[in-house]
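To start, the structure under review is shown below, and the notes come after it.
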Amino acid sequence: MSAPDTNIDKQEQRHKPALLGIKGAMIFGLVMVLIVFFLAVMGGGDDTAPAIETGSTVNSTDDTVAPVTSDSN
């Protein structure tokens with residue numbers, strides 16, 4: 001069943017506020033996505049290298065570990 005009288009110009013005028021609201025919401029959403037993307041790209045990496053502690057045994061050059069011998073005979 002179709003509408004008896006479809007006047008496109010009249011319908012466009014009646015729906016103009018709703019259409020502007022939809023377009024505004026789409027633009028707002030696009031701007032938000034671009035801001036999130038920009039912040040993720042710009043804040044994603046560190047510019048400085050991590051500092052190495054001077055007394056740490058993790059980065060020590062001492063070879064105090066004895067070699068492992070296997071007596072499987």
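Structure summary
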read-out	value
Residue match in the stretch 6-20 (condition: assigned to a loop (DSSP other than H, G, I, E, B) and either surrounded by 10 or more Cβ atoms within 10 Å (Cβ to Cβ) or modelled with pLDDT of 70 or more (or both))	yes
Hey, SER56 modelled with pLDDT under 70, out of contact with any helix residue (DSSP H, G or I) (no Cβ under 9 Å at 6 or more places or on another chain) and exposed (fewer than 10 other Cβ atoms within 10 Å of the Cβ) or not	yes
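The values are calculated or read from the model by the stated rules, or taken from the named source; none is laboratory data. Keep in mind that what you see is a predicted model, and the values were worked out from it rather than measured. Cβ: placed from backbone, ideal geometry, glycine included. Neighbour counts: every protein chain shown.
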